[in-house]
Amino acid sequence: MEKKVIRVGSVGVGAIWGGVHEPGIAKSPDLTLVAICDIDEKKLEAVGEKYGIPPQYRFTDYRDLVNCDIVDAVDICTSNDAHFKVAMAAVEAGKPFNLEKPITLTAEEADILTKAAQEKNVKNMVCFSYRFKAAARYAKDLIAQGKIGRVYHVNMQYFQAWGLPRANCPLVWRYVKSRTGTGALGDLGSHALDLVRFVTNKEYTRVVGHTGTYVHERPLLDGKGVGKVDVDDFSNYMADMEDEISVSFQITRFAYGRGNYQRMEIYGSEGAIVYSLDATPAGIDEIEVCSGDINADAHVFNHLPIPQQYFSDQMQSFADIVNGTGDGLAANIKDGQANQHLLDAIVESAEKGTWLSL
């Protein structure tokens, strides 16, 4: 049977949509953009004109887009505070949805959304984007094959710099707790948590967290005064996983000179793997491996070429899920639920100053 092109309606047409989602939709032979929604009417009109979306399919109310007859699947790229209600609307309409992370503001909301999606059997994908990096998939496969033996330690860093005073960033929604839930923790740390869980294929058993804020006030978007920053600028936390794997995380928006830098070091009994992103001017994902007595004794890590089989695309993966041909490696609502419980636990741990079992 010939596959039907999936007509996508996107809710939220900001930076992440324009930088990742729309290009992925345009590149996929199985997806086509037919409708858009945003509460910013000027942005909505400009995007609609740029991408040829007829005025009748430009919506300011997400419910109108979700229930539009020409929309087969819903692409959700809003601020975090709208994730739950838009995804729930898609579930209630029985339409597949693609959801940015974190999936909700609280674990309670995540539980409700996950239960509803499973009961309705609605196809879904959560945008933990780094699962689609070829180097991460290669690392996952090498670990699964036992190439580095028993995993002892994972050290994970995710560094950006746009929070620094020199960047002069105003009080965007990512600095407002009611709209984002947490700061660097939910924005970057959620990716880090999922990536370690993805490559090791192990679950977390307990966490301890430490968070902090450096810039407590930022200029309002209209330029009239300043507003309070009530989320974290950095989050450092440790975790234990199944099989006694010990993990440490460093997450910050205050890493001078960094763009979208990640480094994950995985140390096992028979070898070690280093995954990195944005470590060079090329900004690509890379993998290094130390294996065998000769390299171990010489402390040598070698860059590996990544086989073509590990390359993938986020939006094409969503299309494959909708078409029933997914590879099983993309995150789903259950992964998003587990992640949100971890975020809540880290926040609680940081407040109490103690380890929390999961």
Roughly how many percent of the accessible protein surface of the range 1-140 is carbon and sulfur, given a 1.4 Å probe and a whole-percent answer? 50
Computed over the range 1-140, protein heavy atoms only, probe 1.4 angstrom, the accessible area per residue in square angstrom equals 44
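Taking the Cα centre of the range 118-271 as origin, sum charge times position over the Cβ atoms of Lys and Arg (+1) and Asp and Glu (-1), and report the length of that vector in debye to the nearest 20.
540
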Order 135-144, 71-80, 263-272 from most to least packed using the mean count of other Cβ atoms within 10 Å. 71-80, 135-144, 263-272
Hey, in the GNM for the chain with a 10 angstrom Cα cutoff, which one of Val226, Val196, Val47 fluctuates hardest? Val226
With only helices counted (DSSP H, runs n ≥ 4, each -39500 (n - 2.57)), the per-residue ellipticity at 222 nm for the chain, to the nearest 500, works out to -9000 deg cm²/dmol
Heavy-atom accessible area ranking, 1.4 Å probe, most first, across Arg206, Arg253: Arg206, Arg253
Please report the relative contact order for the chain, taking Cα pairs under 8 Å with a sequence separation of at least 6, and give it as a percent rounded to a whole number. 20
Cut-off 16 Å, label point 7 angstrom out along Cα-to-Cβ of Ala167: give me the residues of the range 244-259 whose amide nitrogen falls inside. 251-259
Considering only protein heavy atoms and a 1.4 Å probe, what is the carbon-and-sulfur percentage of the accessible area of the range 213-330? 51
Please give the contour-minus-distance gain from Lys85 to Lys43: 0.36 nm per residue of separation, less the Cα-Cα distance, rounded to one decimal in nm. 13.0 nm
Candidate lysines for bridging to Lys228, where Cα separation is under 30 Å - those fewer than 8 sequence places away on the same chain excluded: Lys42, Lys43, Lys85, Lys101, Lys177, Lys352
Relative to the present Cα-Cα distance, how much length would full extension add between Met238 and Lys352 at 0.36 nm per residue of separation? 39.6 nm
Based on the Cβ-Cβ distance of Asp327 and Gln56, what FRET efficiency does E = 1/(1 + (r/R0)^6) give at R0 = 25 Å, to the nearest 0.05? 0.10
Backbone N within the range 274-296 under 17 Å of label point (7 Å from Tyr152 Cα along the Cβ vector): 274, 290-296
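If you place +1 on the Cβ of every Lys and Arg and -1 on the Cβ of every Asp and Glu, how big does the dipole about the Cα centre of the range 217-339 come out, in debye to the nearest 20? Don't skip to the answer; put the middle values down first.
Numbers: 7 positive and 21 negative charges, 147 e Å.
Once rounded to the nearest 20, the dipole reads 700 debye.
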Estimated inter-spin distance, Asp293 and Ile112, nm [label 7 Å along Cα→Cβ]: 6.1
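The values are calculated or read from the model by the stated rules, or taken from the named source; none is laboratory data. Just so it is clear, the structure is predicted and the values come from calculations on it, not from any experiment. Positions of Cβ are generated from backbone atoms using ideal geometry, with glycine treated the same way; all protein chains shown enter the neighbour counts. For the accessible areas, the whole protein counts, side chains as well, though only heavy atoms, and no ligand, DNA or RNA atoms are used. Shrake-Rupley method; radii C 1.70, N 1.55, O 1.52, S 1.80 Å.
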